[in-house]
1. Which members of segment 46-73 meet the condition of being more than 30 Å from residue 32 (Cβ to Cβ) and of a type outside the set (Ser, Thr, Tyr)?
2. Out of 99, 65, report the one residue that is out of contact with any Ser or Thr (no Cβ under 6 Å at 6 or more places or on another chain) and away from ligand 3 (no atom under 16 Å from the Cβ).
3. Can you pull out every residue in segment 229-268 that is closer than 16 Å to residue 60 by Cβ, touching a residue at least 12 places away in the same chain (Cβ under 8 Å) and more than 10 Å from ligand 1 (Cβ to nearest atom)?
4. Could you say which residue among 211, 232, 179, 192 is buried (at least 18 other Cβ atoms within 10 Å of the Cβ) and either over 24 Å from residue 146 (Cβ atoms) or within 15 Å of ligand 2 (Cβ to nearest atom) (or both)?
5. Tell me, which residue of segment 154-166 that is surrounded by 20 or more Cβ atoms within 10 Å (Cβ to Cβ) and within 16 Å of the chain's Cα centre (by Cα) is nearest to ligand 3 (Cβ to nearest atom)?
6. Which ranges mark the helices (runs of 4 or more DSSP H) fully within segment 39-155 that have 2 or more residues being of a type in the set (Lys, Arg)?
7. Residues of segment 169-193 being under 15 Å from residue 129 (Cβ atoms) and within 20 Å of the chain's Cα centre (by Cα), which ones?
8. What tally of residues in segment 174-228 results from selecting those that are out of contact with any Gly (no Cβ under 8 Å at 6 or more places or on another chain), assigned to a loop (DSSP other than H, G, I, E, B), in contact (Cβ under 8 Å) with a residue 40 or more places away in the chain and at negative phi?
Amino acid sequence: QAKAAGRNTIRFFDLHMQTVINARVALEADLRRSLQTHGFALHYQRQTDSSGYTMGAEALLRWQRPGSQPVSPSVFIPLAEETGLIVQLGEWVLEAACRQLVAWASRPETAHLTMAINVSARQFRQPAFVDLVLRVIERTGADPRRIKLELTESLLVANVENTIDTMHALKEKGIGFALDDFGTGYSSLAYLKRLPLDQLKIDQSFVRDVLTDPNDAAIARTILGLGRTLGLDVIAEGVETADQRNFLAMHGCSAFQGYLFGRPVAAEQF
Ligand code: C2E
Ligand code: MG
Ligand code: MG
Ligand code: MG
């Protein structure tokens, strides 16, 4: 009896696993296909100073999966990382964002804008990453001083020396760096000091309850203090209310991003 039940349990588990695996395989196949059929787009979200003036934008990837609802990048980016597709996808993002930057540069009212571009760990660790970025810049004519690459703390877990070398090589050309989702990973303060960073991004998980959760408020203030000490800009992401903005501004935050200022939108709308 027990044995039979056990066998059934296993069979059910196998079936469930098979469903999960099939779904992943289908998702991966669709990702691959969309790379060939121009199935991706970039949306742009404003980054403002404390007066609400737009200083730049973050490029955020959008995927209209054929025959489905739009799929969130937090679902397909990890899969693209695991399968290595991120290398091709990341190159497409870089190129599309640079082309948009060039379009902005050609009009006086948008010529000052900077472009923040997300780079995943696997993409950044490609031996040819520096060459790739420089090639895209050359091909598109984008001004490297207006490009900011957003990295995450996962890059600091291993191979810090390589990370620093790669950053320096790009920094030499004028490219800036922001540390995304700051506070959620495993940055050691010792490494933080050695990285040629320009900006820390306070993760939205701390901004969300900054007015009601004393721990989140303390973390946000600590990051702002750290920015001052290390001479880095600090931008808060996920700012949705004026009260959150005011609290952060009161503690020295000078750059903001979030629905309060604008949602990610297509270039024409931006
Ligand atoms: P992220 O880089 O931290 O981007 C911020 C995310 O917060 C975006 O989600 C944005 O739409 C969302 N957001 C902005 N303001 C608010 C707000 O006020 N409230 C709330 N609740 N959310 C807000 P999105 O576009 O879904 O992207 C999720 C993540 O996917 C990004 O987090 C980034 O890690 C990754 N990602 C997006 N585009 C790319 C890309 O081109 N390359 C790579 N490697 N990763 C990307
Ligand atoms: Mg980002
Ligand atoms: Mg973030
Ligand atoms: Mg995030």
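1. 46, 47, 49, 52, 55, 56
2. After ruling out the rest, the residue left standing is 65.
3. 235, 265, 266, 267
4. The match here is 179.
5. 155
6. It comes to 129-140.
7. Listed by number, the residues that qualify are 170, 171, 175, 177.
8. Of the residues in segment 174-228, 1 are out of contact with any Gly (no Cβ under 8 Å at 6 or more places or on another chain), assigned to a loop (DSSP other than H, G, I, E, B), in contact (Cβ under 8 Å) with a residue 40 or more places away in the chain and at negative phi.
The values are calculated or read from the model by the stated rules, or taken from the named source; none is laboratory data. Just so we're clear, the structure is a prediction, and the values are computed from it rather than from any experiment. Note: ideal-geometry Cβ built from the backbone for every residue, glycine included; neighbour counts use all protein chains shown.
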